[in-house]
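*Asks:* If you scroll down you'll find the structure; I have some questions about it.
The values are calculated or read from the model by the stated rules, or taken from the named source; none is laboratory data. Note that this is a predicted model, so its numbers are computed, not measured. Don't worry about glycine lacking a Cβ; one is built from the backbone with ideal geometry, like all the others, and counts go over all protein chains shown. Surface accessibility is based on the protein's heavy atoms, side chains included, excluding ligands, DNA and RNA. Shrake-Rupley method; radii C 1.70, N 1.55, O 1.52, S 1.80 Å.
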Amino acid sequence: MRIAAGLTLAQLASSVHYSKGQLSKIETGQKRPSAELGSLCDATLDAHGALASLVPARPPGAAAVRPLKRDPVASETTGAVPRMDETPPRSPVPPSRRQVITVGAAAVLSVGPGEETTPPGIRPVSVSVSVSAPADSPAIGTEAVGEPLLDAYRALLAQYRRLGQVSPPAAVLPVVAEQTRALRTLAEGTGSRTGRELLALAARFAEFTGWLSQEANDDNAALRWTAHAVDLAAACGDRDLASYALVRRALITYYRGEADDTIALAEGALSGRLPPRIRGLAAQREAQGQALAGDHDACMRGLDRARALLSRDPGPAPGAPILGTTHVDDPVSMVTGWCLVDLGRPRAAADILDRECARLPTDAWRTQVRYGVRRALAHARAGEIDHACELTEQLLPLASSVSSATIATDLRRLSRTLSRHPRSRSYLAVSPRLTAVLTPAP
């Protein structure tokens, strides 16, 4: 393809920012290509994914990823076939499905017209102060306390999401998991309306727990908590969250480099009966999978569909948690830049990510690092090593603070790209700190 395009080895090397010697060894079969080089050559030679598809998934002799067990619970709920495994030791364990069904049954059975029951041991007087009262206080039903209680937990979820932006996931994960259990217990002793809403909130807490588990480098726990969120949502009649769970699972397969699984899971959440926001987020994830597969045209079509769907999103109901990111003004543009990196078009990606990263809130540390690292990676793959190192230097303190497994994936890619320039003073200056951030603490 290089010869057909009329390019010398030196010209191709200059276009993809690899050395002539490296490309020569790959062309003669002495060296194995990386997925990064496959995508860069695809874009330069207009190969439509043909070269990227030839890159082996893993080198000979490398250990295969241990197969995960099927999760029949999530399969029944969503119609998909996600993969699960046992919860690793010391991971917060969600309750069983039987327990969730029991809670759901209790929450949807009213004791009388418009009547609510009071959770055992709770005699509320004023939620703004306490959810318990002296023994001689007159008991009141949870109908009076329902809205303040729900508002308090909604505020808690928003607060935990803010903490998740500036803290290591392991610091937030245990308390969010415990709040999920607390909500489930409250719903068990509460009547119809408040009980259903408590279960709905518990489902959002469980979904957030799954996200934190993925950030803490525990994919199996992430899948298990996401399946638990589906069960809780089904118990309170919320079928939309079950479909959004497919979008969450697709993020896990994306970071594993599994393009086909990412696309298939995302397509499962594109049903016309779902709200525009869920379908828009699914279309974005599908586009990321297509970019991973090297299909530029399919990726762009997915992004166009995502923009059209998200533009029709009416927004959440008052007080309801928002699905997906809340810190990116134009998520489709940001994801476009993200995808262009995977498609081997780093210069175009850098232009978009420069613009979009400048619009991120200063207090959204995790979001800043997530997209900032990919921005630095785009500049590095475009051959702008000094600028990439400068951006990396600015991001490393935040990267160390938020301690994200998914961000570390891109940091390792960035480190490998920069290491191809061992004589660069900028690289030599940033390399020790970059290595320190990527080295697990004892």
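*Asks:* Per residue, how much accessible surface does segment 302-442 expose to a 1.4 Å probe? Answer in Å², no decimals. List each step's numbers first, then the result.
*Replies:* Numbers: 6360 Å² over 141 residues.
Accessible surface, normalised per residue, equals 45 Å².
*Asks:* In whole Hz and in residue order, list the ³J(HN,Hα) couplings for segment 262-268 that follow from phi through the Karplus curve 6.51 cos²θ - 1.76 cosθ + 1.60, θ = phi - 60°; x for Gly and Pro.
*Replies:* After applying 6.51 cos²θ - 1.76 cosθ + 1.60, I find 4, 5, 5, 5, 5, 4, x Hz.
*Asks:* Please give the charge dipole size of segment 342-441, origin at the Cα centre, charges +1 on K and R Cβ atoms and -1 on D and E Cβ atoms. Round to the nearest 20 debye.
*Replies:* Working: 16 positive and 10 negative charges, 65 e Å.
For this selection, approximately 320 debye.
*Asks:* Let a ≥ b ≥ c be the square roots of the eigenvalues of the Cα gyration tensor of segment 310-440; is it rounded (a/c under 1.5), or, if not, prolate (a/b larger than b/c) or oblate? Could the numbers behind the result be given before it?
*Replies:* On the way: a/c = 2.61, a/b = 1.68, b/c = 1.56.
Cα axes put segment 310-440 in the prolate bin.
*Asks:* From the C-alpha coordinates alone, can you work out the Kirkwood hydrodynamic radius of segment 331-408, in Å? Please report the intermediate quantities before stating the final value.
*Replies:* Details: mean 1/r = 0.0815 Å⁻¹.
About 12.3 Å for segment 331-408.
*Asks:* Here is a follow-up. Would you mind pulling out the separation of the Cα centroids of segment 158-174 and segment 201-225, in Å?
*Replies:* After rounding, the separation between the Cα centres reads 12 Å.
*Asks:* Continuing with this model, one more query. Would you work out the relative contact order for segment 299-414, in percent, from Cα pairs under 8 angstrom that are 6 or more residues apart? Working shown, then result.
*Replies:* Values: 106 pairs, mean separation 23.3, N = 116.
Reported as a whole number, the value is 20 percent.
*Asks:* Let me see the pair-distance distribution of segment 186-228: every alpha carbon pair, 10 Å bin width, integer percents in order.
*Replies:* That works out to 34, 36, 24, 7, in percent per bin.
*Asks:* Would you mind putting 20-29, 219-228, 174-183 in packing order, based on average other-beta-carbon counts within 10 Å, highest first?
*Replies:* Packing proxy ranking, top to bottom: 219-228, 174-183, 20-29.
*Asks:* If I model a spin label at residue 433 and residue 1 as a point 7 Å from the Cα along the Cα→Cβ vector, what separation in nanometres do I get?
*Replies:* My value for the distance between the label points is 3.8 nm.
*Asks:* Follow-up. Accessible area of segment 369-442 with a 1.4 Å probe: how many percent of it is carbon plus sulfur? Could you put the intermediate results ahead of the total?
*Replies:* Working: 1750 of 3340 Å².
Of all accessible area on segment 369-442, carbon and sulfur atoms account for 52 percent.
*Asks:* Additional query: Figure the gain on full extension for residue 178 and residue 362 (residue separation times 0.36 nm, minus the Cα-Cα span) and round it to one decimal in nm. Working shown, then result.
*Replies:* Working: separation 184, 0.36 × 184 = 66.24 nm, distance 2.94 nm.
Between residue 178 and residue 362, full extension yields an extra 63.3 nm.
*Asks:* Would you kindly calculate the translational diffusion coefficient of segment 397-442, applying Stokes-Einstein with the Kirkwood radius from alpha carbon pairs, for 25 °C and a viscosity of 0.890 mPa s, and quote it in µm² s⁻¹ without decimals? Please report the intermediate quantities before stating the final value.
*Replies:* On the way: Rh = 11.1 Å.
The Stokes-Einstein estimate is 221 µm²/s.
*Asks:* Next up: By its C-alpha gyration tensor, with a ≥ b ≥ c as the square roots of the eigenvalues, how is segment 224-284 shaped: rounded for a/c under 1.5, else prolate for a/b larger than b/c, else oblate? Provide the component values of the computation, followed by the final result.
*Replies:* Values: a/c = 2.79, a/b = 1.33, b/c = 2.10.
Oblate is the answer for segment 224-284, as a/c is 1.5 or above yet b/c matches or exceeds a/b.
*Asks:* Could you check the simple spin-label distance between residue 297 and residue 273, using points 7 Å along Cα→Cβ, in nm with one decimal?
*Replies:* Using points 7 Å along Cα→Cβ, the separation is 3.3 nm.
*Asks:* Next up: Once the other residues with Cβ under 13 Å from the Cβ of residue 387 are scored (Lys, Arg +1; Asp, Glu -1), what is the net sum?
*Replies:* Working: positive: 347, 375, 381; negative: 351, 354, 384, 386, 390, 393.
Summing Lys and Arg as +1 and Asp and Glu as -1 gives -3.
*Asks:* In sequence order, what are the phi-derived ³J(HN,Hα) couplings for segment 369-377 according to the Karplus relation 6.51 cos²θ - 1.76 cosθ + 1.60 with θ = phi - 60°, rounded to whole Hz, with x for glycine and proline?
*Replies:* Each residue's phi maps through the Karplus curve to give 5, 4, 7, x, 5, 5, 5, 4, 4 Hz.
*Asks:* When only Cα pairs under 8 Å and 6 or more residues apart are kept, what is the percent relative contact order across segment 158-206? List each step's numbers first, then the result.
*Replies:* Values: 31 pairs, mean separation 16.9, N = 49.
RCO, segment 158-206: 34 percent.
*Asks:* Now for a separate question. Got a sec? Charge dipole of segment 179-242, +1 on Cβ for Lys and Arg, -1 for Asp and Glu; which of 190, 223, 179 is way out at the positive end?
*Replies:* Of 190, 223, 179, it is 190.
*Asks:* Starting from the Cα-Cα distance between residue 14 and residue 27, subtract it from 0.36 nm times their residue separation and give me the gain in nm to one decimal. Each step should come with its number before you reach the end.
*Replies:* Working: separation 13, 0.36 × 13 = 4.68 nm, distance 1.56 nm.
Full extension from residue 14 to residue 27 adds 3.1 nm.
*Asks:* Please give the length that would be gained between residue 240 and residue 163 if that part of the chain were fully extended, namely 0.36 nm times their separation in residues minus their C-alpha to C-alpha distance (nm, one decimal). List each step's numbers first, then the result.
*Replies:* On the way: separation 77, 0.36 × 77 = 27.72 nm, distance 2.59 nm.
Full-extension gain reported as 25.1 nm.
*Asks:* Once you have a ≥ b ≥ c as the square roots of the Cα gyration tensor eigenvalues for segment 236-374, tell me rounded if a/c is under 1.5, and otherwise prolate or oblate according to whether a/b is larger than b/c.
*Replies:* Details: a/c = 1.74, a/b = 1.20, b/c = 1.45.
Oblate.
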